[in-house]
Each structure stands twice: as structure tokens, then as C-alpha cells.
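Scroll down for the structure; my scribbles are underneath it.
The values are calculated or read from the model by the stated rules, or taken from the named source; none is laboratory data. Everything numeric in this text was worked out from a predicted model, so none of it was measured. Here Cβ is always computed from backbone atoms with ideal geometry, including for glycine, and neighbour counts include all displayed protein chains. What goes into the accessible areas is simple: the full protein's heavy atoms, side chains included, and nothing from ligands, DNA or RNA. Shrake-Rupley method; radii C 1.70, N 1.55, O 1.52, S 1.80 Å.
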Amino acid sequence: MTAARRILLVDDAEIEFLTLGRMLRRIPGPDRSLDWVASYGEASAAIAADAHDFYFVDIRLGPESGLDLIRVARAHGILKPMIVLTGFGSDAVDRAATAAGANEYLVKGEFDHVLLERTMRYAERNAQALAELDRRLIETEATARQLKYETERRAIAETELSEVLRRVVNDQEAERRRIARELHDSLGQSLTLLQLGLDAVTRAAAAGGDIAGDVASMKGLTVRISEELHRLAWEIRPTVLDDLGLQEAIRQIPAEWQPCSGLHFDLHLALERRLPAAIESALYRVLQEAITNIVRHAAARRIGIILEEDHDGARLIVEDDGRGMVIDEAPPAGSPSRHLGLLGMRERLSLVGGTLEIESMLDRGTTLFARVPL
């Protein structure tokens, strides 16, 4: 029993319409209506309207071909069952009808309502199978496109990560060289002077001379060495971050940066407790990187720093009034992001489950939102 209720016959002979109608009425099941068009043009319009459940198409429509009509219908996404009507049957007709997209064919004058019903049932099942195959093919193509996109994105991410790791290694080496120079040029010189001073004290003491001036000079030298050591230690990792927490470490930042950058800092720090050490370290390093980027690139006059906690976690906001920038969230394939500093911040935050968002307008400044769940 077929489910088709509205059927279209495309044939230039009215007798075929009358014959097919009588046979359809003899098939048990729901009422079926049979519509009839005689020309290729009328058939194209009717099929394009997609108002029928089933189609019978004569293989010859005057000077035009019913197979061409079926090809066009299939190309436009009409997947309803279609049966070709032909004056004679052969393997060649079968192959041609199948190639055009027909689901089955019938030979005029050689079928009755029983064969008609069975052929229609087969054509419906065949059409459903082909439609399902077409749907799966579309899904497969969409999946393939998504996989290609994800592969490209992964390649970009791997390139960016490699660049970040390379930069981290280079920065570490540069920092080691800087500390080595500081130790050699500043502390090394001071320690040499201290050694010479001790030698002078030794000689003066042996000769019974006055050593008070030399001792006072060496005391001043030891104070200077202590200050240099404190500065180097703070630059590597401020002890206040471990001793008193993130909030107090941020309060000391203006005193370190204002003399060399001329920036004015606005601080709004509203934490009521210490955060886990890993989170404090990550947020502090993100803030350091943000300030460094602002000083190097933004030409800003003011920096605002907000540190607060809400029901979602801890939030650090850093905003400046500098020149702004263009955020390339999705760089072209094969082209790593230019904002490696931002990528490094995201990497740090991801290690503690955090996220980073950036808002920026050219000549209007940039705002960074770092959030970490607690």
C-alpha cells in the first residue's frame, strides 16, 4: 500500500491520464488525486512548486525528454519518487532512467493495478533510501568541512603555541643575561669595592690608624648592595606576593612603574581574602604582561586596575587610554596571531581554568578582562 496522496502525471496523451486514474482507484488505501500536465514547461512549473507526493513522467514529451525533466528536478533538490513511463522496456531504458534519477520505470500497456501498486511501493522505498543517503552525504560533507576547519585552527594554534614557547625561552634567556649583567656590573663592582675597603681597614688597623671613616664607607656600600639585591629579587618575584598576597603586590606596582613610565595608576582593589597561590601568581603575571605591553605599545597616560571577587570567581580588569589595537580573533590559515603577549596571558590563565577577554577601539584604549573561577 503506497502513502502517496497527490500524484502528477506528465504525458502528452490524455488516454494515459484516464488509464492511470482508473488503476489508481483500484488500489486499496487512502484517497489519491491525480493531476495531469501535457508539456515540458507545465511539468517544470508543477514540479518546482513541489506540491505532489509522486510523479509519473513519460520518457518522451514531444520534442523534449522526460529524463531531462527528472534530471533538472533532482538537481533542484526534488527527492519525491518518480517513475518513468515508456513505450517499450529494455536494459538501456532501465539504465537511462536510473542515471537520470528515476526510481523505477513501467512499460505502457504492460501493467495492471497490482503491478502499479507494487512498483509505486518500491519507488517510494527507493526514493526514501536515496533521500536518506543524500542527507547522510550532506552531513558527511559538513563534518568533513568542520574537520578541515578544526585541523586548520589546530595548525594555527600549534604554530602560535610554538611561537609563544620560543618567545618564553628567549625571554628567559634574556632575563638570565640581564640578571648576570646586573650581578657583574653592579653587585660585582660593589663587592670589589667592599673587598678593597676591608683590605684598607686591615692595613689601617695593623698600622694603628683611624678606621672609622673606612668602616662608615663600607656600611654605606653594604646598604647599596642590599638595595640592589632587593630590586633584583622584586623584579624576579616580589616577596610581598608570597607574604601578603596579590592585592598588596599590586599596591606596590605604581611606585615601581611611575618613575620610569610617567603613567598614572588608578587602583580599585576589593578582595576580602587571599586567593590560592597559583591563581595569585597567574593574575600577577598577566598584570605584569599587560603593563609591559601598555608601556611599549599603547602610548597611554593612565592605567586603571580593578581586582574584585564575585559569585563567579576573581576578576582582574586592566584598562588604558592609549591608542588601542585591532584584535584578530580568527587570523587567516597559516598566519599566527600578532598579539603573542595576549596569547601568553591566555595560556597562563588556562592553567588555572581562567579566561581572557579583550575590548579595544583605535585611539580609545584597551580593556582586558581576566576571570578565574574559585
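Odds and ends about this structure:
- The sole residue among Thr202, Thr239, Thr192 that is open to solvent by 50 Å² or more (accessible area, probe 1.4 Å) and at pLDDT 75 or above is Thr202.
- Counting residues in segment 12-22 that are of a type outside the set (S, T, N, Q) and touching a helix residue (DSSP H, G or I) at 6+ places or on another chain (Cβ under 7 Å) gives zero.
Each row is one residue, and each column tells you yes or no for (1) at pLDDT below 90; (2) under 47 Å from the mean Cα position of the chain (by Cα).
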site	(1), (2)
Val84	no, no
Phe88	yes, no
Val107	no, no
Arg118	no, no
Lys148	no, yes
Val164	yes, yes
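- When residues of segment 275-290 are limited to those that are surrounded by fewer than 21 Cβ atoms within 10 Å (Cβ to Cβ) and under 11 Å from Gly341 (Cβ atoms), the one nearest to the chain's Cα centre (by Cα): Glu289
- Counted residues, segment 291-311 - those being open to solvent by less than 50 Å² (accessible area, probe 1.4 Å) and in contact with a helix residue (DSSP H, G or I) (Cβ under 8 Å, 6 or more places away or on another chain): 7
- Hey, Glu272 in contact with an Asp or Glu (Cβ under 8 Å, 6 or more places away or on another chain), at pLDDT below 90, part of a loop (DSSP other than H, G, I, E, B) and surrounded by fewer than 16 Cβ atoms within 10 Å (Cβ to Cβ) or not: yes
- Only residues that are under 14 Å from Tyr55 (Cα atoms), free of Cβ contacts under 8 Å to residues at least 60 places away in the same chain and open to solvent by 20 Å² or more (accessible area, probe 1.4 Å) were counted across segment 107-124, and they come to 1.
- Among residues of segment 251-268 that are under 13 Å from Ile306 (Cβ atoms), those with a Cβ under 6 angstrom from a residue that is surrounded by 13 or more Cβ atoms within 10 Å (Cβ to Cβ) and not hydroxyl-bearing (Ser, Thr, Tyr), sequence gap 6+ or separate chain, pair up as Phe265/Pro254; Phe265/Ile303; Asp266/Gly304; Leu267/Ile305; His268/Ile306.
- When Ala102 is tested against (1) surrounded by 11 or more Cβ atoms within 10 Å (Cβ to Cβ); (2) small (Gly, Ala, Ser); (3) on the phi > 0 side of the Ramachandran plot, only condition (3) is not met.
- Screening segment 338-373 for residues that are more than 19 Å from the chain's Cα centre (by Cα) and in a loop (DSSP other than H, G, I, E, B) and picking the one that is surrounded by the most Cβ atoms within 10 Å (Cβ to Cβ) gives Val352.
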